[in-house]
1. Nearest 100 Å² is fine: how much accessible area is buried between B and A, summed over both sides, with a 1.4 Å probe?
2. Using a Gaussian network model of chain A whose springs link C-alpha atoms within less than 10 Å, name the residue from A:VAL99, A:VAL363, A:VAL159 with the highest mean-square fluctuation.
3. Threshold 40 Å², probe 1.4 Å: give the residues of region B:38-69, in number order, that are less accessible with all protein chains present than with their chain alone.
4. From the protein chains alone at 1.4 Å, what is the descending order of accessible area for B:MET209, A:MET336, B:MET35, A:MET277, largest first?
5. Please list A:PHE376, B:PHE93, A:PHE291 from largest to smallest accessible area, probe radius 1.4 Å, with all protein chains kept in place.
6. Which aspartates and glutamates, if any, have their Cα less than 17 Å from the Cα of B:LYS138, not counting same-chain residues under 8 positions apart?
7. Of B:GLU106, B:GLU122, B:GLU24, which is the most mobile in a GNM of chain B whose springs link Cα atoms less than 10 angstrom apart?
8. Keeping all protein chains in place and using 1.4 angstrom, which order do A:GLU292, B:GLU6 fall into by accessible surface area, from largest down?
Amino acid sequence: MFTLALRNVFRHRGRTAMTLAAIIFGVAGVVLSGGFVRDIFVQLGEALIHSQTGHLQVLRTGYFEAGTRSPENFRIENIAQLRQQISAIPEVQEVMARVSFSGLLNNGRSDWAIVGEGVEPDKEAQLGTYLKISAGRQLRDSDRAGLLLGQGVAQGLKVSAGDRVTLLVNTAEGALNSMEFEVVGVFQSFSKDFDARTVRIPLAAARELLGSDGINGLVVSLKETADTGPVANLLRIRFAGKRLEVKTWVELNDFYEKTVALYDRQFGVLQLIILAMVLLSVASSVNMSVFERVGEFGTMMALGNGRGDVFRLILMESALLGLIGGLLGVLLGVVMAIAISAIGIPMPPPPNANLGYTAFIRVVPTVLAMAFLVGFGATALATLLPAARMSRTPVVTALRANI
Amino acid sequence: MVVRLEDVSKAYQLGEQTVDALREVNLSIEAGVFMALAGPSGSGKSTLLNLIGCIDTPSRGRVLINGHDVSGRTPDELSALRARTIGFIFQTFNLFPVLNAAENVEYPLLQFAELSRHERDERVRRLLHVVGLTGFAKHRPNELSGGQRQRVAIARALAAHPKIVLADEPTANLDHRTGRRILRLMRRINQQTGTTFVFSTHDQKIIDMAQRRIDLEDGRIVRLGVRTGSDWIYAMERKDDVSDDNEDAEA
C-alpha cells in the first residue's frame with residue numbers, strides 16, 4: 001500500500017510539483033511570519049528589560065499597586081544583605097538599587113512634572129543597552145550632581161547636555177527640597193511616554209535629595225532572559241514573609257502581555273488563512289486526482305480491497321504530500337529566515353515609540369512545528385472528503401469510469 | 001455449483017425511467033466450465049457478470065456463490081468474498097499503471113496475511129510463466145502491448161486461486177488474432193487447473209471457443225447452449241425471443 005501510494009504521488013509530476021509548491025510556500029509563510037512576530041516579542045521584551053525594568057525587581061510589598069503615588073512609604077532599608085543573597089544566584093548578572101520619586105524639574109523659566117529614578121549609574125549603563133543616548137553621555141558613578149533625562153523632558157523644557165536644572169521633590173518627612181543638577185545626557189528609549197517623564201540621577205544624590213537612605217527596589221539583571229521565571233520563583237520562596245515581593249519584567253510591563261496577546265491573535269488568523277489557502281489548493285488537486293482514478297479504485301475494490309483500504313490509500317498519498325511539502329516548507333522557511341536576518345528588516349518606530357529598529361526572522365522550534373502541522377494538517381484535511389466520497393462509491397459505478 | 005442465480009432481476013433508475021437490465025434470471029454454473037455470455041449490447045451481459053462477481057446486488061432474487069447466499073452482506077464482506085473466490089479480467093485491462101507486471105499480479109495476494117513474501121514471489125513467477133510473460137516481470141503496463149497487458153490481467157485474476165474467473169469483453173480492446181490467443185490461453189488454464197471461466201462477448205468466433213454459452217436478450221436468458229464438437233446443442237430455447245439468434249447461429 002505504501003509503495004503504491006508513493007508511486008501514485010509522483011505519477012503526475014507536474015501536478016504534484018504544483019501541489020507541493022502550494023504546501024511549501026504556505027508552510028514557509030508561516031515560518032517567516034511566525035519568526036517575525038516572535039522577533040517583535042523578543043525585541044520588545046529586551047527593550048523593556050534593558051531600558052526600564054531589568055529582568056526582575058524586588059519591591060516592598062504593595063509598592064507596585066500603590067507605591068508610585070507615595071514611593072517614600074515603600075522604602076527598603078539595609079539592602080546589603082538582600083543584594084548579597086540575590087547576587088549569589090548563579091543566573092544573576094547584576095543587582096542594582098533604585099529609588100523612585102516624583103517632582104518638578106525647573107530650567108529657570110518653567111517647570112516640568114517628572115518621575116525620577118535614583119540609580120547606580122555604571123551598573124545601569126550596563127543594563128541599559130536599549131537606552132539610546134541622543135545627546136551628551138551616560139550618567140556615571142562619578143557624577144555627583146549629574147542628571148540624565150528623557151528626550152520628551154528635554155524637549156519640553158528646551159534643555160540639552162551641559163544645561164543646569166533644578167529638581168524639586170517632597171522629602172520623606174513631607175518637606176520640600178531642591179537640588180541643582182547638570183544635564184549630562186538625553187536618552188531615548190523604546191517608549192515615548194517613558195522618555196516624556198523620566199529623569200535619572202545618581203542614587204547618592206537621590207538619597208540626599210529625599211533625605212532617606214532607603215530604596216524602593218532592587219533591579220535584578222540576569223544572564224539569560226529565559227531564566228526569569230525560575231529565578232523569580234526562587235526569590236519568592238526566599239523572601240516569603242519578609243514584606244517583599246518579586247515582580248518579573250512581564251508583570252511590570254502590563255502592555256507587553258497585551259501586545260503579545262494581540263499579535264498572537266493576528267498570527268493565529270494569518271495561520272488560519274494560510275491553512276485555508278493550502279487546504280483549497282490541495283483539495284483541488286486531490287479532487288482531480290481522485291476523479292481521474294475512480295476506475296482504478298473500482299478495480300482495487302473488485303480485487304478485494306475494502307472501502308477502508310481505498311480511504312487509507314488516498315489519505316496516505318496526501319499524507320506523503322503533506323509530509324514532503326511540510327518538511328521542504330520548513331527547510332525553505334529556515335533558509336529564508338536566515339537569509340533575511342542576515343540583512344535585517346528596517347522597521348519604523350512602533351506606536352508610542354521614538355526609535356525605529358531592525359527586525360529579524362527568528363527560527364523558533366515551536367513555530368517550525370506549528371508551520372509543519374499547518375501544511376500537513378491542511379493536506380490531510382483536504383483529503384478527508386474526497387477520500388470518504390470515493391470509498392463510499394459502489395464498485396460497479398467506479399468500474400464504469402474505466403470504459 | 002459454483003454460482004447459482006434464483007429469479008434474479010436488476011433494475012436501474014435512469015432519471016424518472018426504470019430500466020430492467022435483467023429479468024427473472026435463473027442460472028447455475030458448474031465448477032470447471034468455460035462459459036460465454038453472448039448477446040447484443042444492452043442485453044444484460046455485463047449486469048449478469050457484475051451480479052455473479054458480487055460487485056453489484058440484485059433488485060430481486062438471490063445470488064449464491066459456492067452455496068452461500070450473498071444477499072445482505074456488507075460491501076466489505078463482499079470485498080473479502082471476492083478476494084478469495086472471484087477473479088476479474090476487464091475489457092480495459094485495469095492494471096495499476098504505477099506497478100510493474102509482477103507487482104500487478106502480486107497485488108491481490110497482499111491481502112492474504114498467511115502468504116509469505118517468498119510464497120507470493122513464487123506464485124507470481126509461476127503465473128507469469130503460465131501466461132508467457134516471464135521476461136516482462138519488471139515492465140510497467142505502458143511498456144506492454146495490449147495482448148501482454150491482458151495476459152498480466154489473466155495472471156492477476158488467477159493469483160488468488162479463485163473458484164471462478166469473470167471476464168467482461170476480454171477481447172474487445174484487442175485485435176482479432178490477439179483476442180483468439182487470449183481466449184486460447186484462458187481455455188488452456190481452464191482445462192489445466194479446472195478454474196471456472198465465464199466471459200462476455202458479442203464476437204461469434206470467440207463464442208465458438210466456449211464450452212457453454214448463454215444467450216441474453218433484453219435482460220432475459222433466451223438460450224442455453226452446450227458445445228459438442230463443432231456444433232451447439234441448445235438445452236433451453238425461448239422460441240418467441242430467439243428468432244434472430246437462430247438466424248445468426250445458422251449463419
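1. For B against A, buried area totals roughly 2000 Å².
2. Looking only at A:VAL99, A:VAL363, A:VAL159, the biggest GNM fluctuation is shown by A:VAL159.
3. B:ILE55
4. Values: B:MET209 40, A:MET336 70, B:MET35 10, A:MET277 125 Å².
The most accessible residue leads, giving A:MET277, A:MET336, B:MET209, B:MET35.
5. Values: A:PHE376 65, B:PHE93 20, A:PHE291 160 Å².
These residues rank, largest area first, as A:PHE291, A:PHE376, B:PHE93.
6. B:GLU103, B:GLU106, B:ASP121, B:GLU122
7. B:GLU122
8. From most accessible down to least: A:GLU292, B:GLU6.
The values are calculated or read from the model by the stated rules, or taken from the named source; none is laboratory data. Please read all numbers here as calculations on a predicted model, not as lab measurements. Neighbour counts run over all protein chains shown; Cβ positions are idealised from the backbone, glycine included. In case anyone asks, the SASA skips ligands and DNA or RNA and just uses the protein heavy atoms, side chains included. Shrake-Rupley method; radii C 1.70, N 1.55, O 1.52, S 1.80 Å.
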